[in-house]
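Colleague: There's a structure below that I have some questions on.
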Ligand SMILES: [Zn+2]
């Protein structure tokens, strides 16, 4: 598909390139024969100069008649002998980042821990600190350092999943980390995920398009970021449904949800950018795969079953859809969402599970996350937003819907009591109401639903990941 690459990674690339290019050591012009003169710079030692030109300290001492190799001064001219035939080892600098280890830095620059330790006179390779400037060897112009971002392996991660998430191949990740068997990774392991090749097929002024995750699962929220050359007017659609973009000055973001019952396959993501008279569009395909949902068989008492009257459920569903399938506010959240109840509430029915009512076919699914908490448990808002619905509905019972901006809404059904009113601004952690058993419900529980432009998505993703 060629439209996918790590968003953060790109930023890392820019910073890295800047660091490397900005710090390239420029060798003095070669003299006749095989001699080069090097003018000593601030911070240099005979050792680093020797490393730089691929010669030994002894050779430098001998050729330059130095009595004490520790005594060289800035501006001093040193003759480097025997180096003109081979290009000097170019070095750049790397500022140590949070999470960096010498091994990761070595992989990034295609070198070894030993070389880095030597180059930087490190007695203990485990002792590097954030902000420390390290000398790193830089290969010729064609092979730059491996750029990318660090991924810390989480429980449940596989190499395939990690690779898919960043839009790179398993092979590329394995190679960047010197892993021979990609099925052997461990929790807490730090992997360098290389930056995927930049797609040059994007039409100007679209410079970059990043889709996360690359292969989307049914019910997942997908993040898109678009980089353009300056301010543009951006619009687009996923599978024909319009997207809501935020951002300016060349950096834009949008979100869309993958319907939980969508047939696995490729779905179109279309973008249109307008800058002045110029209008360009891109057509991409997003791969959707099946989620791993089970089947749940439910029965209701006759009184509750009456509520399943299609006319009634359809009217109510349409109302909720109309209210949620729109974006009127900028994004009001930052970081992950909280759970709407405190503690570590057990999940009684996960998002996406296929459902059969009264022994019928499993042709519907559970569109939210059911938390098994007793009646009267306070329900707190998981992120800032504005209340757009707070009333009793027939199927959903006492219901609250909060608009978090950018078409992201959260719903709380079957409440015993509602604690907010329409139009109210709510902060993360603010009380929305209390857990109950109203509407079409078989016992006290909280049904928590998340929607992106009306499409119901897995709320757990919003708790586990920072969605931007
Ligand atoms: Zn539910």
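The values are calculated or read from the model by the stated rules, or taken from the named source; none is laboratory data. No experiment lies behind these values; they were computed from the predicted model shown. Don't worry about glycine lacking a Cβ; one is built from the backbone with ideal geometry, like all the others, and counts go over all protein chains shown.
Colleague: If you take just the helices (runs of 4 or more DSSP H) that sit entirely in the range 1-120, which of them hold at least 1 residues that are in contact with a strand residue (DSSP E or B) (Cβ under 6 Å, 6 or more places away or on another chain) and either modelled with pLDDT under 70 or surrounded by fewer than 17 Cβ atoms within 10 Å (Cβ to Cβ) (or both)?
Modeller: 7-22, 57-64
Colleague: Scan the range 366-388 residue by residue and report those that are within 16 Å of the ligand (Cβ to nearest atom) and over 15 Å from residue 345 (Cα atoms).
Modeller: Selection gives 366, 367.
Residues checked against (1) in contact with a strand residue (DSSP E or B) (Cβ under 7 Å, 6 or more places away or on another chain); (2) modelled with pLDDT under 85; (3) assigned to a helix (DSSP H, G or I); (4) surrounded by 15 or more Cβ atoms within 10 Å (Cβ to Cβ):
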site	(1), (2), (3), (4)
141	no, yes, no, no
146	yes, yes, no, yes
196	no, yes, no, yes
210	yes, no, no, yes
236	yes, no, no, yes
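Colleague: Looking only at the range 335-352, decide whether some residue is in a helix (DSSP H, G or I) and either within 16 Å of the ligand (Cβ to nearest atom) or out of contact with any helix residue (DSSP H, G or I) (no Cβ under 8 Å at 6 or more places or on another chain) (or both). Give the derivation first.
Modeller: Going residue by residue through the range 335-352, those that are in a helix (DSSP H, G or I) are none.
No, the range 335-352 contains no residue that is in a helix (DSSP H, G or I) and either within 16 Å of the ligand (Cβ to nearest atom) or out of contact with any helix residue (DSSP H, G or I) (no Cβ under 8 Å at 6 or more places or on another chain) (or both).
Colleague: Another question about this same structure. What number of residues within the range 389-414 satisfy the criterion of being buried (at least 21 other Cβ atoms within 10 Å of the Cβ), free of Cβ contacts under 8 Å to residues at least 60 places away in the same chain and more than 16 Å from the ligand (Cβ to nearest atom)?
Modeller: 2
Colleague: Which condition does residue 329 not pass, out of (1) under 18 Å from residue 401 (Cβ atoms); (2) modelled with pLDDT under 95; (3) exposed (fewer than 13 other Cβ atoms within 10 Å of the Cβ), if it passes all the others?
Modeller: So residue 329 meets the others, but not (3).
Yes/no per residue for (1) at pLDDT 95 or above; (2) in the same structural domain as residue 343 (by TED's automatic domain parsing); (3) outside any strand (DSSP E or B):
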site	(1), (2), (3)
379	yes, yes, no
382	yes, yes, yes
391	yes, yes, no
395	no, yes, yes
398	yes, yes, no
414	yes, yes, no
420	yes, yes, yes
428	yes, yes, yes
434	yes, yes, no
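Colleague: Answer yes or no as to whether residue 436 is in contact (Cβ under 8 Å) with a residue 24 or more places away in the chain, buried (at least 22 other Cβ atoms within 10 Å of the Cβ) and within 16 Å of the ligand (Cβ to nearest atom).
Modeller: yes
Colleague: Would you call residue 444 surrounded by fewer than 24 Cβ atoms within 10 Å (Cβ to Cβ) and away from the ligand (no atom under 15 Å from the Cβ)?
Modeller: no
Colleague: Tally time: how many residues in the range 246-266 are more than 20 Å from residue 219 (Cα to Cα) and surrounded by fewer than 20 Cβ atoms within 10 Å (Cβ to Cβ)? Please lay out each step first, then the result.
Modeller: To start, the set of residues in the range 246-266 that are more than 20 Å from residue 219 (Cα to Cα) comprises 246-252.
Still in the running and surrounded by fewer than 20 Cβ atoms within 10 Å (Cβ to Cβ): 246-251.
Here the count works out to 6.
Colleague: Something else now. Across the range 254-278, what is the total count of residues that are under 17 Å from residue 235 (Cβ atoms) and part of a loop (DSSP other than H, G, I, E, B)?
Modeller: Total satisfying the criteria: 2.
Colleague: Something else about it: Somewhere in the range 415-430, is a residue crowded, with 20+ Cβ neighbours inside 10 Å and within 16 Å of the ligand (Cβ to nearest atom)?
Modeller: Yes, some residue in the range 415-430 is crowded, with 20+ Cβ neighbours inside 10 Å and within 16 Å of the ligand (Cβ to nearest atom).
Colleague: Which of (1) assigned to a helix (DSSP H, G or I); (2) surrounded by fewer than 21 Cβ atoms within 10 Å (Cβ to Cβ); (3) in contact (Cβ under 8 Å) with a residue 60 or more places away in the chain does residue 320 not meet, given it meets every other one?
Modeller: (2)
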